[in-house]
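The values are calculated or read from the model by the stated rules, or taken from the named source; none is laboratory data. Every value quoted in this text rests on a predicted model; they were computed, and no experiment measured them. Note that we place each Cβ from the backbone using ideal geometry, even for glycine, and neighbour counts take in every protein chain shown.
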Amino acid sequence: MKSKTSMLEVLRRVIQEVNGARNLDAALATMVRRIRKAMQTDVCSFYLYDKELESLVLMETIGLRTQAVGQVVLPLGEGLVGLVAKRSEPLNLEDAQSHPHFRYFEATGEERYSSFLGVPIIHQRLMLGVLVVQQAEQRQYDDEDEAFLVTMAAQLAGVLAHALATGNLNRRALPSGQTMFKGVAASPGMAMGEAVVITPPSDLNSVPDLVPSDEDFEVARLKEAIGKTRAEIRAAAERLVNRISTQELALFDVYQQMLGEAALSEEVEKRIREGQWAPGALADVVRRHVQYLERVDDNYLRERAADIRDLGRRVLAHLQEDSPSTPETYPDNAILVGDEISVAMLGEVPRDKLKGLVSVRGSSTSHVAIVARAMGIPTVLGMVDLPLPRLSGAPVVLDGHRGRLFVRPAPELKARYESLIAEEEALSELLSHEQDLPSETPDGHDMPLMVNTGLAVDAAALLKSRISGVGLYRTEVPFMITERFPGEKEQTRLYRDQLESFSPLPVVMRTLDIGGDKDLPYFPIEEANPFLGWRGMRVTLDHPEVLMVQLRAMLKASKELDNLYVLFPMITNVEEVDEALRLLDRAILELGEEGIDVERPKVGVMIEVPATIYQMDALAKRVDFFSVGSNDLTQYLLAVDRNNPRVSSLYDALHPALLGALQELSQDALRLKKPISLCGELAGDPAGALLLMAMGFTSLSMNAPSLPKVRAAIRRVSLKDAQQLLSEVMLLDTPAQVHMHLDKRMDDWQLSHLLPPRD
Ligand code: PEP
Ligand code: MG
């Protein structure tokens, strides 16, 4: 193995190439070559595990005969490669031929190779293939060699899983047809429709692949776009002629040359003739050049990579001018798919055509998820393996309960989902009849239900008769949609609207809870650990000017309505409450001095940082009510980032530790004679809601679409039975046991139809 620095350098480059590669075959070919070179060995090969054949197929090699690709097939457990795969462990042999598992394949010509090092490629505990290096003379690959190959395999794993899932391996012997992607369930419900890939304009990385129906037309529009870009650059150069140096101006000549007939455009045209539409061909060519230039150790050439990318974007922008997506062009059952979907993009699709949302980034608490839930649109976010460019126009089935997307679903799957969707519609129709009935148990216990709001789409008029108030108004949501901090007047209007719509019911307004995953575009917070950093009250106490404007606006808005409750988020220390209250009192005083007399609203704190669990007495001396944020309490108590899809299976609000904490909190609140509400997602889960009721929570606040099922559960289960259930559940040791037990009881009570569907 070469020196450590060169190993790291090779790793870095290969990762860059593999991740940037548009085509898996090309990535594999480069990878085996690079590994062979870096390890100074004779052979590097990649074997793919074919699930259907339960065998490993030689897919790529440098060193063995290329004719052997696709021909060498080793059943799991057979041969050295099969053994590596079966044991999921590296195998390092100086004399491979003497190993009892050694098998000879004539096609490879590998009898010449003595030494063997094979490592498994594993993604999310699944074995996908094996990476092998071999050497003619006897050689003991050392620890560093092994570590290098294991690291390479780990890198390849993600790319491979992605390519497999998309059917993007254009070799035979691979499963094809229906593919499934997993993400984070962000808004419940199921939908079938057509994938509409939304790409930010002029983004070369998200241009879909399409086979052109008319190559000549594609070439013509490419030429036109290049012509427009050249004219644009010429005009820019003319505008700048007196303002920049001749040296800088010369750059424009370089641009012109790059765009010249013989360079970029010819290559792109060639790619179009190979069967790619103009935007895709442009993206391919630009990417190839950029990748090449970024790899060379020359600053000047590396700068040129940025130039080519910039030119590519400009040409792409012109190409995209002729194919804008307008609401009329959306299919009737659009499932929006994007790298990141913003609330603004959501607004572009007519509501009746929008059936689902999917994105690579985001989490169940990103603001798109909050909007989607409020609108009742099935959503799956954090689908990290999604091959965006290849999804455009594909038929899909979206499962917002389980966090799944099926692309090109098989007829049986479609039929299953058709009936599941029909069942869900029938259930919601059934439940809608009892929406105006009280949320009261059969033994007469009243369980007040409230809603979480944040958007104008929340239909206050319809909800008002069905709820006890707004348990959580997330003020950061309107802040996210604006382009700057809204001023005092603007905020007053917003809050007045909310307070008036729900008056005389109480409205709990939470002060700005930004940070974590909730960034404001105009107030970016860059931190290594945003959830442990500058969040919620920590930000607003550092910016009293922002908090004061907000408090004044809330107070002014509540004048004569008196249904305002103020809630402070992310409280960790009691001093934070003291400081926030001081500012609140100052705002009341200032308004009084301005002739605006307002009542002091009731004040509460969010219990979402574990530290507050142990400070309930001190907090109770200062505030009027508690509101448990189970979303954050779960992430902080379990040390599981609520946005990280990789650990989402560990994120569980019904973890025994959480149940213990919640029960203690409700008992403390009872002892301290303070109301305690819960406004995280757990309140919207019918089984979770029953447990919280049994614990003694005084109200539950949830997204409006969760109300019907929670109400139905409460109306069917007595407080006594819920308490019995709670005492059974509190004895269990693991989250899985808790879920199983809840499922069983819900089944006994014939309420399993209220639970989110699970596999
Ligand atoms: C919570 O943390 O549970 C909560 C309700 O607040 P948010 O989801 O906005 O952080
Ligand atoms: Mg929170």
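Values for this structure:
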{"quantity": "Count of the range 528-544 residues which are of a type in the set (D, E, K, R) and surrounded by 13 or more Cβ atoms within 10 Å (Cβ to Cβ)", "calculated": "2"}
{"quantity": "Helices (runs of 4 or more DSSP H) completely within the range 547-664 that count 2 or more residues being within 16 Å of ligand 1 (Cβ to nearest atom)", "calculated": "610-613, 630-638"}
{"quantity": "Single residue of the range 92-102 satisfying the filter (surrounded by fewer than 14 Cβ atoms within 10 Å (Cβ to Cβ) and not polar (S, T, N, Q)) that is nearest to residue 146 (Cα to Cα)", "calculated": "95"}
{"quantity": "Identity of the residue in the range 698-728, surrounded by fewer than 24 Cβ atoms within 10 Å (Cβ to Cβ) and of a type in the set (A, V, I, L, M, F, W, C), that ends up farthest from ligand 1 (Cβ to nearest atom)", "calculated": "719"}
{"quantity": "Qualifying position, being farther than 19 Å from residue 58 by Cβ and among the hydrophobic types (A, V, I, L, M, F, W, C), among 91, 126", "calculated": "126"}
{"quantity": "Count of residues meeting criterion [under 26 Å from the mean Cα position of the chain (by Cα) and either modelled with pLDDT of 85 or more or surrounded by 11 or more Cβ atoms within 10 Å (Cβ to Cβ) (or both)] in the range 314-334", "calculated": "6"}
{"quantity": "Residue in the range 698-715 that is modelled with pLDDT of 95 or more and in contact with a Phe, Trp or Tyr (Cβ under 9 Å, 6 or more places away or on another chain) present", "calculated": "yes"}
{"quantity": "Tabulated pairs, the range 530-545, first assigned by TED's automatic domain parsing to the domain that holds residue 579, second within 14 Å of ligand 1 (Cβ to nearest atom) and assigned to a helix (DSSP H, G or I), C-beta under 7 angstrom, 6+ apart or interchain", "calculated": "531/635"}
{"quantity": "Some residue of the range 495-509 being surrounded by 23 or more Cβ atoms within 10 Å (Cβ to Cβ), within 16 Å of ligand 2 (Cβ to nearest atom) and at pLDDT 95 or above", "calculated": "yes"}
{"quantity": "Boolean, residue 487 is more than 15 Å from ligand 1 (Cβ to nearest atom), modelled with pLDDT of 90 or more, small (Gly, Ala, Ser) and crowded, with 20+ Cβ neighbours inside 10 Å", "calculated": "no"}
{"quantity": "Residue list for the range 530-546, restricted to those being part of a loop (DSSP other than H, G, I, E, B) and within 16 Å of ligand 2 (Cβ to nearest atom)", "calculated": "533, 534, 535, 536"}
{"quantity": "Residue list for the range 729-742, restricted to those being more than 17 Å from residue 713 (Cβ to Cβ) and either buried (at least 17 other Cβ atoms within 10 Å of the Cβ) or in contact with a His (Cβ under 6 Å, 6 or more places away or on another chain) (or both)", "calculated": "732, 735"}
{"quantity": "Matching residues in the range 495-524 - criterion: being away from ligand 1 (no atom under 16 Å from the Cβ), in a loop (DSSP other than H, G, I, E, B) and among the aliphatic types (A, V, I, L, M)", "calculated": "505"}
{"quantity": "Helices (runs of 4 or more DSSP H) wholly inside the range 665-755 that include at least 3 residues being more than 16 Å from ligand 2 (Cβ to nearest atom) and over 26 Å from residue 369 (Cβ atoms)", "calculated": "719-729, 735-748"}
{"quantity": "Sole exception among (1) within 16 Å of ligand 2 (Cβ to nearest atom); (2) surrounded by 18 or more Cβ atoms within 10 Å (Cβ to Cβ); (3) farther than 25 Å from residue 507 by Cα for residue 655, by number", "calculated": "(1)"}
{"quantity": "Set 147, 191, 185: member being within 30 Å of residue 40 (Cα to Cα), modelled with pLDDT of 85 or more and of a type in the set (A, V, I, L, M)", "calculated": "147"}
{"quantity": "In the range 105-123, the residues that are closer than 19 Å to residue 137 by Cβ, under 46 Å from the mean Cα position of the chain (by Cα) and of a type outside the set (A, V, I, L, M)", "calculated": "108, 110, 113, 115, 116, 118"}
{"quantity": "Residues satisfying the stated conditions in the range 464-481, i.e. part of a strand (DSSP E or B) and of a type in the set (Ser, Thr, Tyr)", "calculated": "473"}
{"quantity": "Failed criterion for residue 544 (all others in (1) away from ligand 1 (no atom under 16 Å from the Cβ); (2) of a type outside the set (Ser, Thr, Tyr); (3) under 25 Å from residue 471 (Cβ atoms) hold)", "calculated": "(3)"}
{"quantity": "Residue within the range 472-479 that is in the same structural domain as residue 575 (by TED's automatic domain parsing), within 16 Å of ligand 2 (Cβ to nearest atom), touching a Ser or Thr at 6+ places or on another chain (Cβ under 6 Å) and in contact (Cβ under 8 Å) with a residue 40 or more places away in the chain present", "calculated": "yes"}
{"quantity": "For residue 188: the one exception among (1) assigned by TED's automatic domain parsing to the domain that holds residue 257; (2) of a type outside the set (Phe, Trp, Tyr); (3) in contact with a Gly (Cβ under 9 Å, 6 or more places away or on another chain)", "calculated": "(1)"}
{"quantity": "Output for the range 615-648, where each listed residue is within 33 Å of the chain's Cα centre (by Cα), surrounded by fewer than 18 Cβ atoms within 10 Å (Cβ to Cβ) and farther than 17 Å from residue 533 by Cα", "calculated": "646, 647"}
{"quantity": "Residue check for residue 585: among the charged types (D, E, K, R) and more than 32 Å from the chain's Cα centre (by Cα)", "calculated": "yes"}
{"quantity": "Of the criteria (1) closer than 30 Å to residue 276 by Cα; (2) surrounded by 19 or more Cβ atoms within 10 Å (Cβ to Cβ), which one residue 410 fails", "calculated": "(2)"}
